[in-house]
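Engineer: Please see the structure below; I have some questions.
Where a number appears in this text, it was derived from the coordinates with a stated rule and is not lab data. Quick caveat: nothing in here was measured; it's all calculated off a predicted structure. Cβ sites come from the backbone with ideal geometry, for glycine too, and all protein chains shown count toward neighbours.
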C-alpha cells in the first residue's frame, strides 16, 4: 500500500495482529468521546478502535518494555510514551485489552502493540463506568 | 510447509539475519533459541492468535461512536440509556 505520512500520522510498522496490512493510524480525541481516544486507520478499509489509557482502568497498571520493543519504537529508555488499551465494545460487558496495549512514541510517531510472552493482565478485562 | 529435521544444537537460518537453534529436546517440549535483529518481533503463535482475536473483536464502527460512548458511560450495559453530557 502507499506509504502515507503526515502530521499526526502514527506508523505501526508491523501492523496490528488481525490487521497486518494497515500501518497508518491517527488519534482522535474530543470532549464528546472523552475519556476515550479513537485510534483511526487512515486507509478507507482500515479498522478503527476505541481506546483508553490503561492507567484509567487500573491506577497501578504497569507493563515492561523490552529492548526490542524500545528499538521498534525508536525510543530511549525513560522517555515518555503514550499507552492505550483497546476496548471491545461489542462484548457484554464491554471489555478492555490490558494484555496487549498499544504503545506510541510521540517523538518518532512509531507505534507497536505489546505482545509480551507473559502478562499479569487479561485481554478481556471488564470495563467499569469511566 | 518446509519440513527440516534438526538435532540438538543444530540450527536453521532464515534470510540472512535470523537463526533458530535447538537448545534442548525434552519429552514434552523443544527449547528453541532464536537470534533475530531487535526490530524483528518474535511471538508465540498462541499469544499472537489470542491478540488477533481480541483486535478483531475491538475493531469499532467509527460512524456509531456517539452511541458507543454513551453506552460505555452508562456502564457498558447494552440498551441502558447513556448519561450523555
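Engineer: I'd like to check something: does region A:34-45 contain any residue that is in a loop (DSSP other than H, G, I, E, B) and at the interface with chain B (Cβ under 9 Å from one of its Cβ atoms)? Before you say what the answer is, go through the steps one by one.
Structural biologist: To start, the set of residues in region A:34-45 that are in a loop (DSSP other than H, G, I, E, B) comprises A:34-36, A:42-45.
Among the residues that remain, those that are also at the interface with chain B (Cβ under 9 Å from one of its Cβ atoms) are: A:34, A:36.
Yes, because at least one residue in region A:34-45 is in a loop (DSSP other than H, G, I, E, B) and at the interface with chain B (Cβ under 9 Å from one of its Cβ atoms).
Engineer: Report those strands (runs of 3 or more DSSP E) wholly inside region B:1-56 carrying at least 2 residues which are within 14 Å of another protein chain (Cβ to nearest Cβ). Before you say what the answer is, go through the steps one by one.
Structural biologist: Details: elements: B:11-14, B:18-25, B:30-35.
It comes to B:30-35.
Engineer: Now a separate question. Evaluate the following for residue A:51: is it assigned to a loop (DSSP other than H, G, I, E, B), more than 8 Å from chain B (Cβ to nearest Cβ) and either touching a strand residue (DSSP E or B) at 6+ places or on another chain (Cβ under 9 Å) or in contact (Cβ under 8 Å) with a residue 12 or more places away in the chain (or both)?
Structural biologist: Details: assigned to a loop (DSSP other than H, G, I, E, B): no; more than 8 Å from chain B (Cβ to nearest Cβ): yes; either touching a strand residue (DSSP E or B) at 6+ places or on another chain (Cβ under 9 Å) or in contact (Cβ under 8 Å) with a residue 12 or more places away in the chain (or both): yes.
Answer is no for this residue.
Engineer: Any idea how many residues of region B:1-57 are within 26 Å of residue A:119 (Cα to Cα) and free of Cβ contacts under 8 Å to residues at least 12 places away in the same chain?
Structural biologist: Qualifying residue count, region B:1-57: 24.
Engineer: Kindly indicate whether any position in region A:78-99 is away from chain B (no Cβ under 11 Å), over 16 Å from the mean Cα position of the chain (by Cα) and more than 22 Å from residue B:42 (Cβ to Cβ).
Structural biologist: Checking region A:78-99: at least one residue is away from chain B (no Cβ under 11 Å), over 16 Å from the mean Cα position of the chain (by Cα) and more than 22 Å from residue B:42 (Cβ to Cβ).
Engineer: Touching a residue at least 12 places away in the same chain (Cβ under 8 Å), outside any loop (DSSP other than H, G, I, E, B) and more than 12 Å from the chain's Cα centre (by Cα): is that true of residue A:69 in this structure?
Structural biologist: Numbers: touching a residue at least 12 places away in the same chain (Cβ under 8 Å): yes; outside any loop (DSSP other than H, G, I, E, B): yes; more than 12 Å from the chain's Cα centre (by Cα): yes.
Yes.
Engineer: Still on this structure, I have one more. Report whether or not residue A:79 is in a loop (DSSP other than H, G, I, E, B), touching a strand residue (DSSP E or B) at 6+ places or on another chain (Cβ under 9 Å) and surrounded by 14 or more Cβ atoms within 10 Å (Cβ to Cβ).
Structural biologist: On the way: in a loop (DSSP other than H, G, I, E, B): yes; touching a strand residue (DSSP E or B) at 6+ places or on another chain (Cβ under 9 Å): yes; surrounded by 14 or more Cβ atoms within 10 Å (Cβ to Cβ): no.
No: the conditions fail for residue A:79.
Engineer: Please find, within region A:113-130, the residue that is nearest to residue B:51 (Cα to Cα) out of those that are within 8 Å of chain B (Cβ to nearest Cβ) and outside any loop (DSSP other than H, G, I, E, B).
Structural biologist: Ranking the qualifying residues of region A:113-130, first place goes to A:113.
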